[in-house]
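The values are calculated or read from the model by the stated rules, or taken from the named source; none is laboratory data. Quick caveat, the model's predicted, so the values are computed rather than measured. Virtual Cβ from ideal backbone geometry, glycine too; neighbours counted across all protein chains shown.
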Amino acid sequence: MTVIAVLGAHWGDEGKGKVAAGLSTHAAACARFQGGPNAGHTLVLPPPEGEICLRMVPSGVISGARGIIGGGCVVEPRMLLDEVARLRRWVPGLTDRLLVSERAHVILDSHLERDRAGSGVGSTRMGVGPTYGDKALRSGLRVADLLTGRGVPDEMRPLAEEFAEVLGASCGDDHATVRDLLDRGERVIAEGAQGARLDIDHGDYPNVTSSNTTIGAVLTGLGAGPGDIGATLVTTAAYVTKVGGGRLPSRVPTDLEELLRTRGREVDGATGLLRDVGWLDVGWLRTACRINQADALALTKVDVLAGLERVGLYDDARTDRVEMLDGWSHEEVATSDESGPLGAFLERVEEAAGCPVSVVSTGPGQDEWWARDDQARAWGVPDAAALPVGAGTAGS
Ligand code: GTP
Ligand code: IMP
Ligand code: MG
């Protein structure tokens, strides 16, 4: 078996966490390969768990998979300890199932201070940029150093000791573990953070994050090879959202933005920042699919747009920029009816992006999604008929 890469198409917050957790039901491990606590992956589980926001622990642990934090990630020890403590209630034996790469770089207090002092482009203030900066300058501290205490600033020594005590046994060699799993025929879900438009090389520089968020990072951040990638699933919502600096070309009018923000709960789970909202940018989506050589799209949040009379698709390459299509009903979402406007929208997205929409997500819950083709079925995504009664009605 191979790696299934779950990557974001635009500015992130597109539901990768939900998709990665769902696919992890049929995988041995779920691995983060870039980014750090700037990510916020929100999962909605049946009661009593409810909503969980993960910043560093891979989403697939909630589905019983091992969680790997790869060497391409940056780790803030205090936040990781807190997250593990919080999750332990729901995920039995979490520390036995977690692997933190000894190569991952550590976000120091000084990185947090520098990030909070501001970089000019806006950030999540989690210290991620300064940490990757020091990594490139070769002056960073790695998880292996945190465990031995080598180079740890005096004021962080008690934290380093706590980290070693609680998570020391969970730290190790990500590359060797991933290789062994793949060689044994196991499936690994590579869970991206952010999205292609925030990629430091391919995105809207300088309004980007400080890591690669596209397919190459799966290889460098985990130590996998190109032949290990079995499928690349690019995740996009049916509209786009953005936080932080830079332009959102497809931004919708204020009253519609407010409506969609409320319905889609477009407030970042990790930072509390309100997200700006725009029509789905299919011009960029096509680029994201090409950069990642996507095999499939997962289209999330179609429930949020349900009930609108008209729905837009934005493309920079068009002279009139926005193409308006008929909106779909809550009924179509709830019954996974693709014979009307919803089906027409999905087809138009496929055509514009040059990639099949293999997965449709209709709500934040883990069971609110359906497969549209055989590749998605092979990943374990259920057919529409398996949807429980009442699914797909979020936002109504
Ligand atoms: P980053 O790595 O931070 O970019 O995040 P992400 O791509 O994992 O997405 P995140 O969890 O931050 O944001 C997606 C939000 O939408 C979460 O609150 C999810 O619970 C929710 N969500 C996911 N899929 C759907 C869907 O199909 N419909 C609705 N209404 N909400 C969804
Ligand atoms: P940083 O990654 O915290 O340095 O932030 C750089 C830019 O990326 C800012 O515009 C952030 O808003 C954006 N960003 C980083 N992580 C996320 C995320 O997970 N979701 C959405 N935007 C993000
Ligand atoms: Mg998020």
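The set of residues from region 238-266 being within 15 Å of ligand 3 (Cβ to nearest atom) and at pLDDT below 90 comprises just one member, Gly244. Within region 1-21, restricting attention to residues that are more than 10 Å from ligand 1 (Cβ to nearest atom) and either among the hydrophobic types (A, V, I, L, M, F, W, C) or at pLDDT 95 or above (or both), which residue is farthest from Gly70 (Cα to Cα)? Out of the qualifying residues, it is Met1.
For Val152, state whether it is β-branched (Val, Ile, Thr) and within 23 Å of the chain's Cα centre (by Cα).
Considered against the rule, which asks whether it is β-branched (Val, Ile, Thr) and within 23 Å of the chain's Cα centre (by Cα), Val152 comes out as no.
Candidates are the residues of region 252-271 that are closer than 28 Å to Pro37 by Cβ and more than 15 Å from ligand 2 (Cβ to nearest atom); the one that is surrounded by the fewest Cβ atoms within 10 Å (Cβ to Cβ) is Thr262. Of the set (1) within 30 Å of Tyr205 (Cβ to Cβ); (2) in a helix (DSSP H, G or I); (3) at pLDDT below 95, all apply to His111 but (3).
Of the residues making up region 195-210, those that are in contact with a helix residue (DSSP H, G or I) (Cβ under 9 Å, 6 or more places away or on another chain) and not hydroxyl-bearing (Ser, Thr, Tyr) are Gly195, Ala196, Arg197, Asp199, Ile200, Asp201, His202, Gly203, Asp204, Asn207, Val208. Do the conditions hold for Val75, that is, is it away from ligand 1 (no atom under 16 Å from the Cβ) and more than 12 Å from the chain's Cα centre (by Cα)? Against the criterion (away from ligand 1 (no atom under 16 Å from the Cβ) and more than 12 Å from the chain's Cα centre (by Cα)), Val75 does not qualify. Taking region 210-314 as the region of interest, the helices (runs of 4 or more DSSP H) fully inside it that hold 3 or more residues being touching a Ser or Thr at 6+ places or on another chain (Cβ under 8 Å), under 29 Å from Arg377 (Cβ atoms) and more than 12 Å from ligand 1 (Cβ to nearest atom) are 282-292. Whether a residue is β-branched (Val, Ile, Thr), buried (at least 19 other Cβ atoms within 10 Å of the Cβ) and within 29 Å of Asn212 (Cβ to Cβ) was assessed, and Val349 passes this test.
Among the residues of region 8-27, are any surrounded by fewer than 23 Cβ atoms within 10 Å (Cβ to Cβ) and more than 16 Å from ligand 3 (Cβ to nearest atom)? Checking region 8-27: at least one residue is surrounded by fewer than 23 Cβ atoms within 10 Å (Cβ to Cβ) and more than 16 Å from ligand 3 (Cβ to nearest atom).
Take Ile52 and tell me if it is away from ligand 2 (no atom under 12 Å from the Cβ), among the β-branched types (Val, Ile, Thr) and buried (at least 24 other Cβ atoms within 10 Å of the Cβ). The answer is no for Ile52.
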